[in-house]
Amino acid sequence: MALFGFGRKKRSVGLDIGSGYIKVAVVNHSGSLPVVERLTAHPLGADAIVEGEIMDPGLVASTIDSVFEEQGIDRGSVAVSVGGRDVIIKPIQMDRMSKQDAREVIHWEAEQHVPFDMDDVQLDFEITDPEGEGLQMGVLLVAAKRELIENKLSLLEEAQLSARIIDVDAFALHNALEVNYPEAMNGIAGLINIGHETTTVNILDEGVPVLTRDISFGTRRLSIDLQRERAMSAEEAEVVLRGENTDDRLQAFLYERVQEVGRGIERATAFLETQELGAKLGRIYLCGGGVRIPSLTEALAERLGVETIVANPLEQLQVKPGGDEVVDADLLPPMMMLSLGLALRVAA
Ligand SMILES: Nc1ncnc2c1ncn2[C@@H]1O[C@H](COP(=O)(O)OP(=O)(O)OP(=O)(O)O)[C@@H](O)[C@H]1O
Ligand SMILES: [Mg+2]
């Protein structure tokens with residue numbers, strides 16, 4: 001599923017425009033299995049993106065442009081994604097029909113489920129039980145505000161890139177999870193992406209995304225807290241957040257702060273209890289630059305009482321040999337989950 005697709009190419013580039021880091025993954029699809037050819041992450045100037053909104057498009061575009069320029073990355077085959085509150089992902093039920101017929105009526109169905117003006121949205125959907133025989137079928141509906149897509153396209157244009165696919169953040173993450181952890185498609189799993197500004201919670205039920213939520217929590221705020229409350233410089237705080245300072249008092253401080261993520265996951269999964277008996281979060285996978293925050297994994301595992309795994313998007317993927325030329329030396333692979341999920345997508 002994609003909001004837009006522009007044809008198949010041998011090599012695809014996934015671009016994740018984060019508020020802290022611009023991340024690029026290049027995957028070659030010419031062989032029988034995908035091969036990762038390049039993974040790179042570059043810091044973005046502070047406050048260029050705030051609360052998901054691009055405040056300084058000129059700076060973001062020029063940073064992206066220079067990353068592609070310096071790294072010699074193909075500009076013609078880029079996959080990007082949109083997310084946040086202007087994207088709605090909703091599992092719905094509708095009368096069983098062919099995909100083609102559903103395409104005709106999805107607009108009317110969506111009207112009941114999407115709180116936006118239908119003239120302003122781009123819709124897509126997928127039948128989640130195509131083999132089912134009941135009178136009703138499960139459909140995963142996606143609606144994204146058109147403005148969000150237009151802004152993304154104009155940003156790419158300013159960075160002199162052409163888009164091949166515009167996907168949805170949650171689906172790209174899901175894609176990278178499925179390739180690397182196929183067992184996550186069984187039962188109920190959570191995929192939590194802890195970034196610079198935002199933490200997204202994605203809940204999958206038998207591999208179908210049933211819920212996505214954003215929590216405004218990330219390394220940026222923790223860094224500000226450490227600077228204010230522990231009199232640290234920004235550099236010292238960053239060392240702590242990367243897990244390179246294991247002072248006990250700091251561990252305790254962060255243990256408290258990360259409870260917010262636990263609470264967010266609890267709130268997001270509360271609906272499971274009201275559903276069929278036995279529906280319970282089975283496991284959570286963590287990704288994003290926040291995975292190294294000391295105490296995080298432990299605090300979540302304790303609070304939620306579930307197995308907590310740091311997801312590595314390279315777990316099952318073949319990486320071209322070549323050291324730093326292929327994967328940046330200081331790169332943290334869980335940060336690349338979204339960009340790799342995008343690069344793994346091959347438009348039909
Ligand atoms: N090796 C590393 N390189 C870069 N950042 C790291 C590393 N290890 C940990 N970090 C932390 O990860 C953060 C960036 O994470 P990430 O790239 O997931 O955020 P983002 O996608 O830019 O933000 P958001 O999704 O909230 O917009 C940095 O702010 C830093 O604190
Ligand atoms: Mg991010």
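Modelled spin-label separation between residue 231 and residue 30, with each label point placed 7 Å from Cα along the Cα-to-Cβ direction: 6.0 nm. DSSP finds beta bridges in the chain, and of those with both partners inside it, around 70 percent are antiparallel.
Peptides 84-91, 190-197: what's the order by average Cβ count within 10 Å, highest mean first? Numbers along the way, then the final one.
Working: 84-91: 17.1, 190-197: 24.1.
Going from most to least packed, we get 190-197, 84-91.
Per residue, the convex hull spanned by the Cα atoms of segment 48-133 measures out at 162 cubic angstrom. Protection proxy ranking for 141-149, 166-174, using the average of other Cβ atoms within 10 Å per residue and placing the highest first: 166-174, 141-149.
Within straight-line reach of residue 90, meaning a Cα separation under 27 Å, sit the following lysines at least 8 residues removed in sequence or on another chain: 99, 145, 152, 280. Seen from a random direction on average, the alpha-carbon convex hull of the chain projects onto 18.1 square nanometres. For residue 242 and residue 53, the difference between the fully extended length at 0.36 nm per residue and the C-alpha to C-alpha distance is 65.5 nm. Packing around the peptides 292-299, 267-274, taken as the average count of other Cβ atoms within 10 Å per residue, puts them in this order, highest first: 292-299, 267-274. Between 14, 187, 305, the residue with the greatest mean-square fluctuation in the GNM of the chain (Cα pairs under 10 Å linked by springs) is 305.
Here the 3J(HN,Hα) profile of segment 192-197, calculated from phi with Karplus coefficients 6.51, -1.76 and 1.60 at θ = phi - 60°, is 10, 9, 9, x, 6, 10 Hz, Gly and Pro shown as x. The distance from the alpha carbon centre of segment 314-348 to that of segment 239-280 is 27 Å, rounded to a whole number.
Its alpha carbons considered, segment 87-144 gives a radius of gyration followed by a Dmax of 11.0, 34 Å.
Amide H to amide H, with H built 1.01 Å from N, residue 19 comes under 5 Å of 196, 197, counting only residues 5 or more places away or on other chains.
Return the equivalent ellipsoid semi-axes of segment 1-116 as a descending list in whole Å, where each equals the square root of 5 times an eigenvalue of the C-alpha gyration tensor. Write out the running numbers ahead of the final one.
Working: eigenvalues 211, 101, 22 Å².
Equivalent-ellipsoid dimensions as semi-axes: 33, 22, 10 Å.
Qualifying trypsin sites (Lys or Arg not before Pro) in segment 199-233, where qualification requires a DSSP coil assignment and no more than 16 other C-beta atoms within 10 Å, comprise 230. Please find the FRET efficiency linking residue 99 to residue 131, where r is the Cβ-Cβ separation and R0 is fixed at 22 Å, and quote it to the nearest 0.05. The computed FRET efficiency comes out at 0.95.
In plain terms, the bigger the Kirkwood radius, the slower the diffusion; for segment 183-310, with that radius from Cα pairs, at 10 °C and 1.306 mPa s, Stokes-Einstein puts D at 106 µm²/s.
Roll a 1.4 Å probe over the protein heavy atoms and report the accessible area of residue 324 in Å², nearest 10. The value for residue 324 is about 100 Å². Return the FRET efficiency for the residue pair residue 113, residue 303: r is the Cβ-Cβ distance, R0 is 45 Å, and the value is rounded to the nearest 0.05. The value I calculate is 0.90.
The values are calculated or read from the model by the stated rules, or taken from the named source; none is laboratory data. Remember, it's a predicted structure, so these values are computed and weren't measured experimentally. All Cβ positions, glycine included, derive from the backbone under ideal geometry; neighbour counts span all protein chains shown. Surface accessibility is based on the protein's heavy atoms, side chains included, excluding ligands, DNA and RNA. Shrake-Rupley method; radii C 1.70, N 1.55, O 1.52, S 1.80 Å.
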